[in-house]
Amino acid sequence: MNESNNLKNAVILAAGQGKRMRAATSKVLCEVAGKPMLNWVIDAARKAEAGEICVIASETDVMEAAAKAGCMTRQQTERLGTGHAVRMAEDFLEARCGGDTLILCGDNPFMDSETIGKAYGLHTRQGNAVTVITAEIADPARYGRIIRSGDALAGIVEDADCSEEQKKIREINSGAFWFRTEDLLAALKKIRNDNAQGEYYLTDAVAILLEENRKAGAYKADTEDVVLGANDPAGLLLLNEIAAKRAVDRHLANGVQFRLRDGVVIGPDVIIEPGAVILPGCTLTGKTVIRTGAVIGPNSMVTDSEIGEGTVFESSKATDAFVGKDVRIGPYVQLRPDARIGDKVKIGDFVEIKNSSIGEGTSVAHLTYIGDADVGKYCNFGCGVVFVNYDGEVKNRTRVGDYCFVGCNTNLIAPVTLGDGAYTAAGATVTKDVPAGALAISREALVIKDGWAAKKLKKYIEKKQKLSQ
Amino acid sequence: MNESNNLKNAVILAAGQGKRMRAATSKVLCEVAGKPMLNWVIDAARKAEAGEICVIASETDVMEAAAKAGCMTRQQTERLGTGHAVRMAEDFLEARCGGDTLILCGDNPFMDSETIGKAYGLHTRQGNAVTVITAEIADPARYGRIIRSGDALAGIVEDADCSEEQKKIREINSGAFWFRTEDLLAALKKIRNDNAQGEYYLTDAVAILLEENRKAGAYKADTEDVVLGANDPAGLLLLNEIAAKRAVDRHLANGVQFRLRDGVVIGPDVIIEPGAVILPGCTLTGKTVIRTGAVIGPNSMVTDSEIGEGTVFESSKATDAFVGKDVRIGPYVQLRPDARIGDKVKIGDFVEIKNSSIGEGTSVAHLTYIGDADVGKYCNFGCGVVFVNYDGEVKNRTRVGDYCFVGCNTNLIAPVTLGDGAYTAAGATVTKDVPAGALAISREALVIKDGWAAKKLKKYIEKKQKLSQ
Amino acid sequence: MNESNNLKNAVILAAGQGKRMRAATSKVLCEVAGKPMLNWVIDAARKAEAGEICVIASETDVMEAAAKAGCMTRQQTERLGTGHAVRMAEDFLEARCGGDTLILCGDNPFMDSETIGKAYGLHTRQGNAVTVITAEIADPARYGRIIRSGDALAGIVEDADCSEEQKKIREINSGAFWFRTEDLLAALKKIRNDNAQGEYYLTDAVAILLEENRKAGAYKADTEDVVLGANDPAGLLLLNEIAAKRAVDRHLANGVQFRLRDGVVIGPDVIIEPGAVILPGCTLTGKTVIRTGAVIGPNSMVTDSEIGEGTVFESSKATDAFVGKDVRIGPYVQLRPDARIGDKVKIGDFVEIKNSSIGEGTSVAHLTYIGDADVGKYCNFGCGVVFVNYDGEVKNRTRVGDYCFVGCNTNLIAPVTLGDGAYTAAGATVTKDVPAGALAISREALVIKDGWAAKKLKKYIEKKQKLSQ
């Protein structure tokens, strides 16, 4: 990325609810590959080292999402055009003068850091007051066309204003720009809304700079994807389909195996090492890392988690979890935040682990909940074990030593500690610490009442015997 | 729909097993988008307000399915042609004379109510004795061709009988008709089986009416889908693929979001509000309703259930259930019939709820079964709680008040009542009512046997220590 | 298949790691439709009755996999060409002289037994010293071209050595051959590495036999699939996509129903009877058998298991299991090795069964683990039952008679026996045998502490009441 010491800032235009999307959120928060469109754009700006970011939004949910992503925000309460939107950031820009400002559209998720960086390179090399990022697309209708004069930008003509000749131009305005910040501020003050819509357009700022004979350039992106956006659910599905295809292609090229593409959703920030295998129906999102030789799926969901080398993660879900090497997980397991699973652990069906560390080689075979615990290595958990971590007031922590054997349907009432090599008998409710090497048992004597069931189950058995005939 | 007071009836031709399908059921019961083909046709007739429906079937399973759907049935024991099939309904028709009769094919699932209604409009406007529903298709081979004389129907010519000129006609007989009931009955009596196959054809009834100079019309459907059927599994798969694509398209246009189309099956009677999100791998069938802002999937199965506004329903199954607003369900949950989940409830992994109501804000985090119960609001269920609703004789009901705290691995032996704010200790088996604000505990004292485990687990620990080195 | 008594052997070339695949295993062990490519080739040779098989490998994992599949193995420690590879099997071939030897490539999974058998037929009919298996492909670049002289083989010309005219030949060398074993051995001794790469090529053995005027033939396979291989993950995905499409097509033609193709992976050795229904997202692998009328999925995983007639297997996993007729399983069930499920059994959610037989009509509704047990017919298991089969030392077996009623959260401590019609009370820990018709109960008296919870839960209730307002 660009290592320039020049001051850079970015303004992301994210106002408007996007009513045609009919979403429960504002449009820019709709997800592509498990990540809101706005966050794609914010992260592209970050990756391009575009400096402090100010998001211009109208809706509360967007303001909150931008703040959560570490951006400055300015609210545009009236919708008076892109120029008016950037004006909302005037104080932000004035405080950061002397450098360059990147303008991005919050609903173009595929605008990438490489394009932004290369455009910046051209912008500074040419000493431009403004550099528009362009794309050449098959069907330019509805877009502003790029008029070039040699290498330089001569103008941007809106579709409605195009001559027949200009209509044929397929290089279009992406809506993204690099401006010298001072020039942008000066031009913003001069744009007017004396047009049919009564709006202030950012392209008028470009026109003003051109009129003033300032240098202007145009950087053409390698792909038309940078201008792709979505106005309705069909368009959003298309973005998701493109993102899914690309993600699989990218990981295939990097040595990752897939059996079918069906139902595979992989977010843009997911890292998968060569030699990993992703089975159908998996959703991998957030800052997930899949190590070499791991086999994920079918139908696994992994978010912000690391799955270690050679680990099998079958039909299970992990969120904010860490799983070591050569672990066997699933099917039907949930790892919740801060589950940390050691190497060679086995976790079988219907097990949930939350905010707990599990030591190397420990086995949790079935129907068990481990919450708020530190478990040692090479322990064996029977079926139906419950870490009773919550008493209605506070959540307490449990400690289990190495080589412990926790019997089936044991309740461990936190806070409690099992020493190394402790054993709990099936059905025990463990209310106090168990020393190393000790057995804990709480078991009422079994009473056998002969003949009782014969009477009780008379009708049941008769009914079933009929079925059996 | 048509609000005419004219008497209307419908006869659906559903005889034959459909051996080429090689299905475990008769062909017309094979499913398209989770709904048997016959039920698509029955519902189209109902939606078109075509009056009482009589299904002509040969197989027992079809007779039963038709009766279950509220139709009259007549059995055709011999397979002697479509004319013979309609004759099986002679008594049905005679009892409903004076109006019009719709004839439909039980294996054309995409014949829709709009087409049926518009055909009826033409039929009555023109005062026809018979109106055939037609479609224009790309490859008319094998179908009967429609011969028109101006706007009127001049004849239907079977493929085998077509002249070279007639073979070029692409408007074909869908097999669906509106008849004036009296005319149909009269013509049925006159049709003969003096043909190569020795069968009675319904199209001969049309020919007889034309010979008698009765008015005959032809209504051309907007789409060729109305004639689509399936004779074998490949054809049935194609119908399902068409239905899946169409359902997603329809809901997209209505403001519903999808991330990928993969594995998404949506039945024709499912309602999804704009702003809902359907993730890959979901099967939504029956009279399911998904409210706005709900997020369903991946890999969820919802049948005849309502999922409320803003609710997350992740990798779980619901059948005949109702889920309120802002609920968080899954992964790996099953809601069985008559589960009624209040607003803001949280249901975590490995929980089954059946025939129970759960009050607002209650939390059922993991590994719990709630059956035959009324649970209040803002309760907290520990892990491994079981509502013991069946004793081998009868199923009993449990009541849990508001703000109760039910400890892990608690057994609630129905019938039993927990008062508001009651608390059960982990491992309790609750055999009698617990008053409001009381604690119920049944717990054998824990016995610690020092050194016992050290001996018992000697070999276990040695084996594991080797692995650990 | 060919019933000839002639001695036959096969040599499979499987050396090389296949670095471009970047897999965690050697390339030939990468899976197509859930089966390693090498095993596809081994099984094709077996099905063609090609006699004893010797796999030439360089990597340890391939040596082990070949041995596990019952093949002889020879290690090629240096990579000096295909001729050198076959030489590794010289002792194997010398011990089996007097017949014919099949040479196959370990990374061509779609080379099929029919092609091999037909090529052998031509080979023996023509009395050839060598018969090459060929394919006609659209883009022959990179492949050796087949030069024919009438029906006979005149030569194989490598792509680099082709004249312009020869480059147009679309019949290519598949790399698979039938040799008279003695001729192969003789020719192998004569091939030289005086070429640019310094390697020994098997095709030079063919050239030597031609020079010596031995009879040589070429058998052209019906399909170009026989030469398909994969060098990288994209190629491997393509093989999997082809295998998936073909498997569905094959089973459709055989009367099996599918709703969508999405996410359906079916191994080559899976048998599905007509009338079965496979829903989306299913992975069926190994020697799995699905009987007529069974409904599998969505999202089920079945390996080396039989699912009986009319059985529903919904969103569950089975490995090495047997399931009878009219069983209802799922969602979210795991059948582990040696689960044997009788007819009409019902297994509900979150149940695991391992190494156990379950008698006819028994019901295991939820959250239960049955391991190492023999369970009779028409039993009813409550929720949370655990068969405690492992005590840290040994796994013991449990026996449950017919018509037993096992209460919720019961622990059955193996070894233990429940007689017919025995009943265990909820929460019992059963440590000794329960006679037929008897009740087993171990239950501490319930203590109710009035007012205790009211104090304990004061803050909890206040917090929740605020949410409730």
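The values are calculated or read from the model by the stated rules, or taken from the named source; none is laboratory data. None of the values given here were measured: they were computed from a predicted structure. Neighbour counts run over all protein chains shown; Cβ positions are idealised from the backbone, glycine included. With ligands, DNA and RNA removed, areas are computed over all heavy atoms of the protein, side chains included. Shrake-Rupley method; radii C 1.70, N 1.55, O 1.52, S 1.80 Å.
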Q: Have a look at C:Asn240, C:Asn231 and point out the one that is within 14 Å of another protein chain (Cβ to nearest Cβ), crowded, with 19+ Cβ neighbours inside 10 Å and of a type outside the set (Gly, Ala, Ser).
A: C:Asn240
Q: Can you give me the number of residues within the range B:248-261 that are surrounded by fewer than 19 Cβ atoms within 10 Å (Cβ to Cβ) and polar (S, T, N, Q)?
A: 1
Q: Could you please let me know if B:Leu102 is more than 29 Å from B:Thr283 (Cα to Cα), surrounded by fewer than 16 Cβ atoms within 10 Å (Cβ to Cβ) and in contact with a strand residue (DSSP E or B) (Cβ under 8 Å, 6 or more places away or on another chain)?
A: no
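Residue-wise test of (1) away from every other protein chain (no Cβ under 14 Å); (2) more than 30 Å from C:Leu239 (Cα to Cα).
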| position | (1), (2) |
| --- | --- |
| A:Asp183 | yes, yes |
| A:Asn193 | yes, yes |
| A:Lys220 | yes, yes |
| A:Asp225 | yes, no |
| A:Ala244 | no, no |
| A:Ala253 | no, no |
| A:Arg261 | no, no |
Q: For the range B:263-294, enumerate the residues that are under 20 Å from A:Leu29 (Cβ atoms), part of a strand (DSSP E or B) and within 9 Å of another protein chain (Cβ to nearest Cβ).
A: B:Val277
Q: Inspect all residues belonging to the range C:86-100 and state whether any of them is under 23 Å from the mean Cα position of the chain (by Cα) and touching a residue at least 12 places away in the same chain (Cβ under 8 Å).
A: no
Q.
Looking at (1) touching a residue at least 40 places away in the same chain (Cβ under 8 Å); (2) within 12 Å of another protein chain (Cβ to nearest Cβ), which one does B:Thr319 not meet, given that it meets all the others?
A. (1)
(Q) Which numbered condition in (1) over 30 Å from A:Gly127 (Cβ atoms); (2) at pLDDT 95 or above is the only one that A:Glu199 fails? (A) (2)
Q | Residue match in the range A:446-464 (condition: closer than 25 Å to B:Leu446 by Cα and acidic (Asp, Glu)) | A | no
Q | Residue check, C:Ala67 aliphatic (A, V, I, L, M), open to solvent by 10 Å² or more (accessible area, probe 1.4 Å) and within 14 Å of another protein chain (Cβ to nearest Cβ) | A | no
**Q.** Criterion: of a type outside the set (D, E, K, R) and out of contact with any helix residue (DSSP H, G or I) (no Cβ under 8 Å at 6 or more places or on another chain) - qualifying residue of B:Met111, B:Met88, B:Met72
**A.** B:Met88
Q | Single condition B:Arg170 does not satisfy, out of (1) open to solvent by 30 Å² or more (accessible area, probe 1.4 Å); (2) at pLDDT 95 or above; (3) in contact with a Ser or Thr (Cβ under 8 Å, 6 or more places away or on another chain) | A | (3)
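Could you say which residue among C:Ala154, C:Ala138 is open to solvent by 20 Å² or more (accessible area, probe 1.4 Å) and in a strand (DSSP E or B)?
Result: C:Ala154 is the single residue among C:Ala154, C:Ala138 that is open to solvent by 20 Å² or more (accessible area, probe 1.4 Å) and in a strand (DSSP E or B).
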Q: Give just the number: which of (1) more than 25 Å from B:Cys97 (Cα to Cα); (2) β-branched (Val, Ile, Thr); (3) surrounded by 24 or more Cβ atoms within 10 Å (Cβ to Cβ) does B:Thr60 not satisfy?
A: (3)
**Q.** Residues satisfying the stated conditions in the range C:329-366, i.e. charged (D, E, K, R) and more than 25 Å from the chain's Cα centre (by Cα)
**A.** C:Asp343, C:Lys344, C:Lys346, C:Asp349, C:Glu360
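Residues that are within 14 Å of chain B (Cβ to nearest Cβ) and within 30 Å of B:Val248 (Cβ to Cβ): does the range A:156-178 have at least one?
At the first step, the residues of the range A:156-178 found to be within 14 Å of chain B (Cβ to nearest Cβ) are none.
Scanning the range A:156-178, I find no residue that is within 14 Å of chain B (Cβ to nearest Cβ) and within 30 Å of B:Val248 (Cβ to Cβ), so the answer is no.
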Q.
Residues that are crowded, with 24+ Cβ neighbours inside 10 Å, at least 1 per element: which strands (runs of 3 or more DSSP E) completely within the range C:359-469 meet that?
A. C:363-375, C:386-388, C:398-400, C:411-413, C:416-418, C:439-441
(Q) So, in the range B:405-423, exactly how many residues are within 9 Å of chain C (Cβ to nearest Cβ) and either within 10 Å of B:Cys379 (Cβ to Cβ) or among the basic types (Lys, Arg) (or both)? (A) 4
Q.
Looking for something charged (D, E, K, R) and more than 9 Å from chain C (Cβ to nearest Cβ) - is there at least one such residue anywhere in the range B:377-385?
A. no
Q: For the range C:381-409, enumerate the residues that are in contact with a Gly (Cβ under 7 Å, 6 or more places away or on another chain) and under 22 Å from A:Lys459 (Cβ atoms).
A: C:Gly382, C:Val400, C:Gly401, C:Asp402, C:Tyr403, C:Cys404, C:Phe405, C:Val406, C:Gly407, C:Cys408
Q: Please work out if C:Glu352 is modelled with pLDDT of 95 or more, surrounded by fewer than 24 Cβ atoms within 10 Å (Cβ to Cβ) and within 7 Å of another protein chain (Cβ to nearest Cβ).
A: no
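Regarding the range C:262-285, can at least one residue be identified that is over 24 Å from C:Gln334 (Cα atoms) and either at pLDDT below 95 or open to solvent by 10 Å² or more (accessible area, probe 1.4 Å) (or both)?
yes
Looking at the structure I just gave you, is B:Ala339 away from chain A (no Cβ under 12 Å), closer than 21 Å to A:Pro331 by Cα and open to solvent by less than 10 Å² (accessible area, probe 1.4 Å)?
No; evaluated as a whole, the condition is false for this residue.
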Q.
With the structure loaded, tell me whether B:Asp402 is at pLDDT 95 or above and more than 7 Å from chain C (Cβ to nearest Cβ) or whether it fails that test.
A. yes
